[in-house]
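Take a look at the structure set out below.
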Amino acid sequence: MPEDIRNRPSINHADVTALNFVRSSAPFVFRRHFRQGLRSHIMEILDPSDVNVEQTGKMDAGVRCFPKATPRRMFRIFRARLKTLENALFEIGRVKIIERYLAPDNMAKSTECIVDYSGPAGRDLMLCGFQEYVAGEILDPWTLLDTADLLPSLHAAFRCQDSPLTLSKDQWIATVRQKASRFIQQIKRMVTEAGHIPDLAGAGNLIISITGDIRLVDINNISRIIFDAAINLDEKGYPVCDKSVEALSLIEEKILGRPVNMKADIYKRFLNPKRRKAVKAKEALFWNRKAGS
């Protein structure tokens, strides 16, 4: 019996076009994105002509170049099992919380679809998403670069691209800090008003664009944030809520170039030394289990 596509570690173009709700003659190329989430397959939707140029190259001023094909959209297949339609609508509702606070400037907008998947065990509900592609550099809260080096290094990366950045380093850094301030403010509003925080901790979850916008691209994982002593774990056993608060503090410190206010409720509650020690132990347990599996 073939394996359920949600259980497979990776999939390719043929796997996508074999799905009962996707046309086998779809006029696109589906390619596995280099960054795969724990909660979904992530596929690039590419124009075949762009893929052809990527593979065969094109002449530019007498030099053959091989420009990487840029995705038109991103296609997500959620791994989670949906027992009922209400489960699916609940998952979509969680995405809508993020959209309410971060769209359009601070997230990769996505359209969710509930489909009737014909799998090995019969017909089943499946959640998919068609998401905006965000070009830019990964913003890693855990980078070893300090405040003085992080933004200049990102500016230098953008200066080397085919469509280079025209702003000076100081102008671009000032723009990033202005936009980052709003991003941080909106995340804190989400915490205060909606009682949720998105996953800011995962590698590659945040992209910084050439225009200086910080965009959340992994919108599948959002945690309820509760101000009590319990350290809440997600369904994978990871303390994502606490780690997202820690990531937020690092973004505030490294992007805005200032120490965070440890008297603020969110930091006072989640970043006190005793709690951070306990979170570190749970995080280590998660990675040990993952390595063992």
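The values are calculated or read from the model by the stated rules, or taken from the named source; none is laboratory data. Since we're looking at a predicted model, the values are computed, not measured. With ideal geometry, Cβ positions are generated from the backbone for all residues, glycine too; neighbour counts draw on all protein chains shown. Ligands, DNA and RNA are excluded from the accessible area calculation, which covers all protein heavy atoms including side chains. Shrake-Rupley method; radii C 1.70, N 1.55, O 1.52, S 1.80 Å.
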Practice task
Kindly write out, for region 87-98 in residue order, the coupling ³J(HN,Hα) from the Karplus curve 6.51 cos²θ - 1.76 cosθ + 1.60 (θ = phi - 60°), rounded to whole Hz, with x marking Gly and Pro.
Solution key: 4, 5, 5, 5, 4, 5, x, 5, 5, 5, 4, 4
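How charged is the neighbourhood of Val29? Take every other residue with its Cβ under 9 Å from the Cβ of Val29, and add Lys/Arg as +1 and Asp/Glu as -1.
-2
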Fill in the blank from the handout: chymotrypsin sites (Phe, Trp or Tyr not before Pro) in region 25-87 lying in a DSSP loop, each with at most 12 other Cβ atoms within 10 Å of its Cβ, come to Phe34
Problem - Using θ = phi - 60° and Karplus 6.51 cos²θ - 1.76 cosθ + 1.60, couplings along region 140-156 (whole Hz; Gly, Pro as x) - result: 9, x, 8, 4, 6, 5, 8, 4, 6, 10, 5, 5, x, 5, 5, 4, 5
Completion exercise
Against the 2.2 N^0.38 Å rule of thumb, the C-alpha Rg of the chain sits at a ratio of 1.08
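Taking only protein heavy atoms and a 1.4 Å probe, what accessible area per residue, in Å², does region 249-293 have with all protein chains in place?
Numbers: 3100 Å² over 45 residues.
Per-residue value: 69 Å².
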Fill in the blank from the handout: For Pro141, the net charge from surrounding residues (Cβ-Cβ under 10 Å; K, R +1; D, E -1) works out to -2
Fill in the blank from the handout: Here region 240-251 yields Karplus 3J(HN,Hα) values (6.51, -1.76, 1.60; θ = phi - 60°; whole Hz; Gly and Pro given as x) of 5, 5, 4, 5, 6, 5, 4, 4, 4, 5, 5, 4
Exercise for the section: Return one whole number: the accessible area per residue of region 93-180 in Å², for a 1.4 Å probe. Expected result: 52
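Can you give me the % of accessible surface on the chain that is carbon or sulfur? Probe 1.4 Å, all protein chains present, nothing else counted. Write out the running numbers ahead of the final one.
Working: 8230 of 15330 Å².
The C+S portion of the solvent-accessible surface of the chain is 54 percent.
Taking the alpha carbon gyration tensor of region 179-256, what are the square roots of 5 times its eigenvalues, largest first, to the nearest whole Å?
Values: eigenvalues 92, 39, 24 Å².
Computed over region 179-256, the values are 21, 14, 11 Å.
About its Cα centre, how strong a charge dipole does the chain have in debye, to the nearest 20, once Lys and Arg get +1 and Asp and Glu get -1 at the Cβ? Present the calculation step by step, with values, prior to reporting the outcome.
On the way: 45 positive and 35 negative charges, 151 e Å.
Rounded to the nearest 20 debye, it is 720 debye.
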Completion exercise
Env charge @ Ala247, Cβ radius under 11 Å, K,R +1 / D,E -1, value -4
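Can you divide the C-alpha Rg of region 157-293 by 2.2 N^0.38 Å and report the result to two decimal places?
Values: Rg = 16.6 Å, N = 137, 2.2 N^0.38 = 14.3 Å.
Normalised Rg, Cα atoms only: 1.16.
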Problem - Unit charges on C-beta of K, R, D, E only; dipole of region 135-293, Debye - result: 580
